[in-house]
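Comments concern the structure below.
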Ligand SMILES: [Zn+2]
């Protein structure tokens, strides 16, 4: 565990605004589970508790920060040259984390077992029913009710099986809406 991590380069990159945010994090922001300010503060003044290196890509880091008693993990990758990518944010909790800095035994065993883990964060997947599942076909947005999915207990990413996706595609192309909802459409301003 890196204890005397030098955050200066991270702070410099943040100042230069070369930060890219994954769609996962955007969804967390839209659901108001986290704020950009909190993410930036964890990255610039939190503590890096894990560094994961990989021969073919840049290392990624897990940083921990607190807002009051509430812990937040921010997983990010990058360098001074390429900027920072914020990959995943989540609140560390059991069964994955005994405390915000310690992965649980259970998790180690789970990772060794052949069970499927979240490809993003290695969290444990559990079957759920998604009340409102957003699906796009030919540029049109469909909201499908009660879709069986797998949910990552840690980062909240959802996965559906291929057969489920095929069924949804068929449903959407037949387009017999149960009901119509109004969607607010905004255009990002050209500067
Ligand atoms: Zn996950």
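The values are calculated or read from the model by the stated rules, or taken from the named source; none is laboratory data. These figures come from a predicted structure and were not determined experimentally. Cβ atoms come from the backbone with ideal geometry, glycine included; neighbour counts cover every protein chain shown.
What do you reckon, is residue 157 within 16 Å of the ligand (Cβ to nearest atom) and modelled with pLDDT under 90? Considered against the rule, which asks whether it is within 16 Å of the ligand (Cβ to nearest atom) and modelled with pLDDT under 90, residue 157 comes out as yes. Scanning the range 69-103 for residues that are more than 18 Å from residue 36 (Cβ to Cβ), modelled with pLDDT of 90 or more and in a loop (DSSP other than H, G, I, E, B) returns 69, 92, 100, 101.
Among the residues making up the range 121-179, those that are in a loop (DSSP other than H, G, I, E, B) and closer than 22 Å to residue 33 by Cα are 121, 122, 123, 153, 154, 155, 156, 157. Can you find a residue in the range 173-181 that is within 16 Å of the ligand (Cβ to nearest atom) and out of contact with any helix residue (DSSP H, G or I) (no Cβ under 9 Å at 6 or more places or on another chain)? No, there is no match, as no residue in the range 173-181 is within 16 Å of the ligand (Cβ to nearest atom) and out of contact with any helix residue (DSSP H, G or I) (no Cβ under 9 Å at 6 or more places or on another chain). Residues in the range 120-155 that are surrounded by 11 or more Cβ atoms within 10 Å (Cβ to Cβ) and out of contact with any strand residue (DSSP E or B) (no Cβ under 7 Å at 6 or more places or on another chain): 122, 137. Within the range 104-126, the set of residues being more than 13 Å from the ligand (Cβ to nearest atom) and at pLDDT 80 or above comprises 104 only. From 87, 64, 72, grab the single residue that is under 24 Å from residue 18 (Cα atoms), buried (at least 17 other Cβ atoms within 10 Å of the Cβ) and touching a helix residue (DSSP H, G or I) at 6+ places or on another chain (Cβ under 6 Å). That would be 72, the only listed residue that is under 24 Å from residue 18 (Cα atoms), buried (at least 17 other Cβ atoms within 10 Å of the Cβ) and touching a helix residue (DSSP H, G or I) at 6+ places or on another chain (Cβ under 6 Å).
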